[in-house]
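First up is the structure itself, then whatever we jot down about it.
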Amino acid sequence: MEYPTGDRYQGNFQKGAKQGIGKYYFHDGGVYEGEFSQDKRHGKGTFFYPNGDRYSGDWVMDEKDGMGRVEYRSGQEYQGQMKDGQMHGQGTW
């Protein structure tokens, strides 16, 4: 499915909403691949940022939340807790 913004989605739908496994291409070059629920990124998934960074881990209603790993194109890496889209609590660099 292609959206007016230029974003595209390939994957499952349920009652018109993204549901299950899919891949979402953002018009700015970002890509999310993973689980969706009720039209939101929810479950396990990976987001590839246009600048080359990458986040893999848990998502809750479109936010990075739970355990995850952030890999920066510089080679630095963070692995640990995420909350409301931000690094939170225990984690290692």
- Of all residues in region 11-51 being more than 17 Å from Q86 (Cα to Cα) and β-branched (V, I, T), which is most open to solvent (accessible area, probe 1.4 Å)? I21
- Query: Any residue in region 33-45 that is closer than 18 Å to Q10 by Cβ and in contact with a Pro (Cβ under 8 Å, 6 or more places away or on another chain)?
  - Reply: no
- Task: Test R54 against the stated conditions and say whether it is open to solvent by 30 Å² or more (accessible area, probe 1.4 Å), out of contact with any His (no Cβ under 7 Å at 6 or more places or on another chain) and within 23 Å of I21 (Cα to Cα).
- Result: yes
- Query: How many residues, within region 26-79, are β-branched (V, I, T) and assigned to a loop (DSSP other than H, G, I, E, B)?
  - Reply: 0
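The values are calculated or read from the model by the stated rules, or taken from the named source; none is laboratory data. All of these numbers come straight from a predicted model, not from anything done at the bench. Positions of Cβ are backbone-derived with ideal geometry, glycine not excepted, and every protein chain shown enters the neighbour counts. For accessibility, only protein heavy atoms count, side chains too; no ligands or nucleic acids. Shrake-Rupley method; radii C 1.70, N 1.55, O 1.52, S 1.80 Å.
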